[in-house]
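Trainee: Structure provided below as structure tokens; questions to follow.
The values are calculated or read from the model by the stated rules, or taken from the named source; none is laboratory data. On a predicted model such as this, the values are computed, not experimentally measured, just so you know. Reconstructed Cβ throughout: ideal geometry from the backbone, glycine too, with neighbour counts over all protein chains shown. Keep in mind that these areas ignore ligands, DNA and RNA; they rest on the heavy atoms of the full protein, side chains included. Shrake-Rupley method; radii C 1.70, N 1.55, O 1.52, S 1.80 Å.
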Amino acid sequence: MAPTIAPVDTSHDFPASTTVVIIGGGIIGLTAALTLAERGVPVTVLEKGRIAGEQSSRNLGWIRKTSRHGEDVPLALASDRLWATMAERTGSDVGYRQSGIMFLSRTPDQLAVHEAWLESVSDLSLDSRMLSAREVDARVPGGRGDWAGAIHTPSDGYAEPTLAASAIARAAIARGAVIVEHCAVRTITRASGRVSGVLTERGEISSDQVLLAGGMGSRRFLGNIGISLPTLPLILSVFRTAAMEGPTDCAVGGPDFSFRKHKDGGFIVTQRGALDAPLTLDHLLVGAKYLSALRAQRGLLRMSLGKHFWRDLALPRRWKTGPSPFERERTIDPSINQGLNDEAHRHLSAAWPVFEKTTIEEAWAGMIDITPDSNPVIDAVPGVSGLTLASGFSGHGFGTSPAAGQLAADLIMDKTPIIDPKPYRFGRF
């Protein structure tokens, strides 16, 4: 099951040429398309399934600076400014609320991690601050958790994934962008040593530049042309409650649960202390790059060898001009881990009893593409002139998508970048 995405009337026509082709109709590709269209650049977005059909509509919707790597915070700050004007920019409500985010700590050791992060970004003038247990109770009343304290950032917030990507897509189309769904890109084409366009299941499109924003599919797409992007999959299971009176509009993350208010009056909830980590062949191929991350987060990952391994193994890693794996699996739709959702509900109810008897309206799961340092790649692809990559957002791309898409557009058109792109270079791996 997947959340219901606000509908978008995309194109049935297939252009022969354009200036920029964007592979992937997730929120990163769509924000890049909107930026380019606003600048008068002809752009075509090609999506193998439905726009925002994967993680762009299945994420939690959090927009945060809290607990990001210090080098990633400037992108989040730039995105805050863009989210604040997104409704006006798109002419649609995207559900943006700057209602704050709070991360709770049960123990002094957990609290020390947040204190260390706050010290590490002290030069960035954030509004984050530490809260005492008494202040937590005052801001999120009705709880019975024995908290050591929390970190709170009032300028953080959230938006609605099922609204935002669609609003951005409609705005891009209104400004001249072409978006084609159910059209998988098989590979790039080249001429005179650089990208000349793409080959799709419906034929070729010539272009000056190509942006690969394919999320989980980007590693396989690049592998087909001999380039290794080290990403691995994680799966997040989520549920949404029916409308209810909750303790706060602030998004709250505990050690083993999180919740935030949903536009329909319920709450989006997940087990923040656990993610499914389905093993794949890629774990053998690039897993060594993740050893330090694995040691730091081994308690977070629920590893398994199951049907995802065999399904992934059955998809080709090399193909020529014939059908690609993206036509065989148009939407990555992982199974819900009901056990993790039950854990989240149990832990949340123990902390705030108001959630004990809530009705669960829907549940879903989404697959996240993780890099070794949990930062994305937003950079020209080495050795392939005219190809730019924006992938590997590691589960927090929704929040930074406005600035990430603009950064990709800046790099493509050789404009002054919205922020320093150095943290996102391809070669760091």
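Trainee: Only residues that are assigned to a loop (DSSP other than H, G, I, E, B) and in contact with a strand residue (DSSP E or B) (Cβ under 6 Å, 6 or more places away or on another chain): list them for segment 168-223, please. Let's see the steps before the verdict.
Mentor: Going residue by residue through segment 168-223, those that are assigned to a loop (DSSP other than H, G, I, E, B) are 175-177, 181-184, 192-193, 201-202, 207-208, 213-214.
A177, C183, S207, A213, G214, listed by residue number.
Trainee: Can you confirm whether segment 205-217 contains a residue that is open to solvent by 10 Å² or more (accessible area, probe 1.4 Å), of a type in the set (D, E) and more than 26 Å from F429 (Cβ to Cβ)?
Mentor: yes
Trainee: Let me ask something else. All but one of (1) in a loop (DSSP other than H, G, I, E, B); (2) at negative phi; (3) not hydrophobic (A, V, I, L, M, F, W, C) hold for G95, so report the exception by its number.
Mentor: Every condition holds for G95 apart from (2).
Trainee: In segment 61-80, what residues are of a type in the set (A, V, I, L, M, F, W, C) and open to solvent by 30 Å² or more (accessible area, probe 1.4 Å)? Steps first, please.
Mentor: First, pick out the residues of segment 61-80 that are of a type in the set (A, V, I, L, M, F, W, C): 62-63, 73, 75-78.
Once the filter is applied, which keeps residues that are of a type in the set (A, V, I, L, M, F, W, C) and open to solvent by 30 Å² or more (accessible area, probe 1.4 Å), segment 61-80 yields W62, L77.
Trainee: If you go through segment 380-429, how many residues are open to solvent by less than 40 Å² (accessible area, probe 1.4 Å), within 20 Å of H69 (Cα to Cα) and acidic (D, E)?
Mentor: Going through segment 380-429 one residue at a time, the tally reaches 0.
Trainee: Can you give me the number of residues within segment 81-92 that are surrounded by fewer than 17 Cβ atoms within 10 Å (Cβ to Cβ) and assigned to a helix (DSSP H, G or I)? Before the answer, list the steps.
Mentor: From segment 81-92, those surrounded by fewer than 17 Cβ atoms within 10 Å (Cβ to Cβ) are 81, 84-85, 88, 91; that's our starting set.
Right, trim to assigned to a helix (DSSP H, G or I) and you get 81, 84, 88.
Selection size over segment 81-92: 3.
Trainee: Name the one entry in R144, R175, R106 that is touching a helix residue (DSSP H, G or I) at 6+ places or on another chain (Cβ under 7 Å), in contact (Cβ under 8 Å) with a residue 60 or more places away in the chain, surrounded by fewer than 22 Cβ atoms within 10 Å (Cβ to Cβ) and within 30 Å of S349 (Cα to Cα).
Mentor: R144
Trainee: Kindly indicate the residue of segment 274-297 that is of a type outside the set (A, V, I, L, M) and over 22 Å from the mean Cα position of the chain (by Cα) and also modelled with the lowest pLDDT among those meeting that condition. Lay out the reasoning, then the answer.
Mentor: First, the residues of segment 274-297 that are of a type outside the set (A, V, I, L, M): 276, 278, 280, 282-283, 287, 289-290, 292, 295, 297.
Pick out the ones that are also over 22 Å from the mean Cα position of the chain (by Cα) and you get 292, 295.
Values: S292: 87, R295: 81.
It comes out as R295.
Trainee: Find the helices (runs of 4 or more DSSP H) located wholly in segment 232-317 whose residues include 2 or more that are open to solvent by 70 Å² or more (accessible area, probe 1.4 Å), within 25 Å of G339 (Cβ to Cβ) and out of contact with any Cys (no Cβ under 9 Å at 6 or more places or on another chain), and list them.
Mentor: It comes to 291-297, 307-314.
Trainee: Could you tell me whether any residue of segment 339-348 is within 19 Å of F239 (Cα to Cα), open to solvent by less than 20 Å² (accessible area, probe 1.4 Å), among the hydrophobic types (A, V, I, L, M, F, W, C) and not in a helix (DSSP H, G or I)?
Mentor: Going residue by residue through segment 339-348, those that are within 19 Å of F239 (Cα to Cα) are 339-348.
Now drop any that are not open to solvent by less than 20 Å² (accessible area, probe 1.4 Å), which leaves 340-341, 344, 348.
Narrowing the set further to residues that are among the hydrophobic types (A, V, I, L, M, F, W, C) leaves 340, 344, 348.
From what is left, the residues that are not in a helix (DSSP H, G or I) are none.
The answer is no, given that none of the residues of segment 339-348 is within 19 Å of F239 (Cα to Cα), open to solvent by less than 20 Å² (accessible area, probe 1.4 Å), among the hydrophobic types (A, V, I, L, M, F, W, C) and not in a helix (DSSP H, G or I).
Trainee: Which of the strands (runs of 3 or more DSSP E) found entirely inside segment 359-429 contain at least 3 residues meeting this: out of contact with any Lys or Arg (no Cβ under 8 Å at 6 or more places or on another chain)? Write out each step before concluding.
Mentor: Details: elements: 360-370, 377-380, 387-391.
Output list reads 360-370, 387-391.
Trainee: Restricting to segment 109-130, give me the number of residues that are open to solvent by 30 Å² or more (accessible area, probe 1.4 Å) and either in contact with an Asp or Glu (Cβ under 6 Å, 6 or more places away or on another chain) or of a type in the set (S, T, Y) (or both).
Mentor: So the count comes out to 3.
Trainee: Against the condition open to solvent by 40 Å² or more (accessible area, probe 1.4 Å) and small (G, A, S), how does G40 come out, does it pass? Give the derivation first.
Mentor: Numbers: open to solvent by 40 Å² or more (accessible area, probe 1.4 Å): yes; small (G, A, S): yes.
For G40, the condition - open to solvent by 40 Å² or more (accessible area, probe 1.4 Å) and small (G, A, S) - is met.
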